[in-house]
Amino acid sequence: MSVWVAEEAMRCALRFCSRKFLWQSRFPVKPAATQNSSSLCKRLTHTWDIGRSHSCLAISLASSVQFYSQGRIHNDEVKEKDLSSAPAESSLFSSTISGQTPRQSPFVAELQKCCSPSDVLDLTCKYAPTIKQISSCLNHMWSTSKKMSDEQLRYERQLMFEHPAFETLLQKAMKSAWLMDNDCLVHSLLSMVNLGVPQQSRVVQTLLQTCQEKMNNFDEKSLSILATCLEKMNDSPSVGALKHGTRLIVEARLPGIQSVLALQTMMRLLGKDVPLDLKKKLERKALSMTGQFSLPNTQYMISTMATMGFYSRPLLEVCSKTITENLQWIPFNILYKVLQSCKELHYRDLNMLTGVSNYIASTLDVWTNKQLLFLLSMFEKFLFCPTALMDAFAEKVVSDPNVLTFKHLLCVLRVYSSLNYDLHHRRETFLDSVSQVLDSYLHKLSAFELLKSVYFLCLLGHFPSAPLEKLLQSSTVEQINSSASKSRNNQQRMLRTVDLCLHLDLCQPLTVPSLGNTESSIPSVNPQLSQGLQTVLGEQADTMLQEMVMVEDFYLIDAVITKPVPNQSDASRCAEKELSPAESSQRIAIVCAPPSGFCYGTSKPRGPLAVKIRHLKILGYTPVLITEQDLRSEEHRTKFLRGLIFPEQHRSNTEGRDPTHELGS
């Protein structure tokens, strides 16, 4: 019995000396500086001291690491060889003694029952967590937090920061940083950042420094988690150093990366300032892994390229094809994010946009009005006219127009007028329905909101009396006139358009009060167009060319060609002397429009351009739309313009062509 007691006493003494040697301070203790005078910072001074965090970052990869005891702060220089020989888990964290079979701890089961960060902290008071369990605690605290509402999250975070066990848990995490495996280390850092622990605090900076020293040994999963964490953090010397180091590691390990998600996370971390040659390497690597792309991979790849600002058409085509084929499995928020990313990349796939429109239209009852209007607005930004969706939504509005709020109504009017959508037999019913809704909001509208509503309706060729009467009141214009000057030109353009619509479409002698004169400069003549027209008209007699003509003091025409009316009969020629010059000649208005003036994938003009064409026809012109693409080649330019201006002479070459046709969308 005495021998057994002696052996146990010796074993306990050795364990005590071992722990004392590992954590004993060999230097004088320096008091930690407090952050501020608030009670919260006083409670967490030892763990969140910012004063010495930057000094830790200056230490090289082979330098010492600071550890902290529960009661005081010590500056112990523990070399890597000492750490490697230290026990994996000290008795401070309730680790088992080497050689003994660990008992099943109820800690993990109890942790899963916790429903808030405070519950987890209460559990750490009941059980002393091991090193791995420290990471699990932090991770579970964040997992429970992200399921809460904003108000509940603020309340729970306040409880968390005020909990006495929170400082203790962070101290343990800081002490055990070098003893953590890589996975636990990066998960702990990510959880702290997500929980709102100040990024300049000592505990976060200690984990960042440890990541710097260990990152050469990180696998793909650890690098991915670290990349996600750095993406959430503000710029600082430590974050910048880790990002730079990660870029070097990614480039070196790129050929060996096997996980699509890991590759995408690395791409997001690299950001927009990546050299082009590295972007090309990433593109080749991603294209080589397209066979492994799942549906979530394709969605995430598009948003990843948007984050990088990297346009890869082959990669986008692969992803858009997969998305188009699996629309029924994509939730709204993901679908909208994909479309938003495509817009940021200036990428438009006609098949994908048409597929989304058809799918949403076929499942219209599943979506809320807000979701449908978000999608319609996104399609408008693409300049794409979603025919199926706009038809289906118009029917929904007609069946119950009162469900539209004014914000929704304004969005509907903007989209339908911008895309110049023709509802055919439902046009009058639809416009009457939205006008009825607008009338119900008239008493609540500001002057500018009223102007926008009437302007959109005028673009659609609809002129409800009640909104127009209110807009024509001098008091309304005075309110618009008193608005900010930065929007003055836009408001003047809207009012001028409404005025022209009343004069030309309605033929009524109404005058919209003006906001005053706005300076407008006439652009210079398009040299390619001018040269092509002179070449074509030089071969013809009785034709006249005018360039840069302003009509109604508002619409600019690039060129007006006046020529005799073709195919006149003898009787017509006899009566020609009795006709006015305008009646005996044809005026062709050449309008050179940008690609943004047309709906994507079609030759249909949209928005203000469509109104301009409508009004030019009323004024007696024959409008002809061309684009810069039509004028590229001199040989093609001459042949193209001759066919448009003199179709009677080249009918065989231009048969079936719409005079407002756009070559190439």
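Observations, loosely collected:
- Take the convex hull of the alpha carbons in the range 106-256; its mean projected area over all directions comes to 9.1 nm².
- With every protein chain in place, the range 420-494: carbon and sulfur % of accessible area (1.4 Å): 47
- Within a straight-line Cα-Cα reach of under 20 Å, residue 639 can be paired with the following lysines, leaving aside sequence neighbours fewer than 8 residues apart in one chain: 563.
- With R₀ set to 25 Å, the beta-carbon distance separating residue 395 from residue 327 gives a calculated FRET efficiency near 0.75.
- Karplus (6.51, -1.76, 1.60) ³J(HN,Hα), θ = phi - 60°, over the range 395-404, in Hz, Gly and Pro reported as x: 4, 5, 5, 5, 5, 8, x, 6, 6, 7
- Solvent-accessible area, 1.4 Å probe, carbon plus sulfur percent, for the range 106-256: 51
- Between residue 216 and residue 364, full extension at 0.36 nm per residue minus the direct alpha carbon distance yields a gain of 48.1 nm.
- Between residue 554 and residue 490, the simple spin-label model (points 7 angstrom out along Cα→Cβ) gives 1.9 nm.
- With a simple spin-label model that places each label point 7 Å from the Cα along the Cα-to-Cβ direction, the separation between residue 482 and residue 506 comes to 2.6 nm.
- Per residue, the accessible area of the range 99-158 comes to 62 Å² when a 1.4 Å probe rolls over the protein heavy atoms.
- Accessible carbon and sulfur surface of the range 257-416 relative to its total accessible area, %, 1.4 Å: 54
- Once Rg and the Kirkwood radius are both taken over the C-alpha atoms of the range 203-266, their ratio Rg/Rh works out to 0.95.
- Where the Cα pairs of the range 368-509 fall when distances are cut into 10 Å bins, in %: 11, 42, 36, 12, 0
- Inter-label distance, residue 231 to residue 622: 5.8 nm, where each label sits 7 Å from its Cα along the C-beta direction.
- Stretching residue 350 away from residue 258 to a fully extended chain increases their span by 29.9 nm, per 0.36 nm per residue minus the current alpha-carbon distance.
- For the residue pairs 175/214; 470/612; 172/214; 146/243; 243/381; 444/612, the C-alpha atoms sit more than 23 angstrom apart in 470/612; 146/243; 243/381; 444/612.
The values are calculated or read from the model by the stated rules, or taken from the named source; none is laboratory data. Worth saying up front: this structure is predicted, and the values here are computed from it rather than measured. Please note: Cβ atoms are built from the backbone with ideal geometry, for glycine as well, and neighbour counts cover all protein chains shown. What goes into the accessible areas is simple: the full protein's heavy atoms, side chains included, and nothing from ligands, DNA or RNA. Shrake-Rupley method; radii C 1.70, N 1.55, O 1.52, S 1.80 Å.
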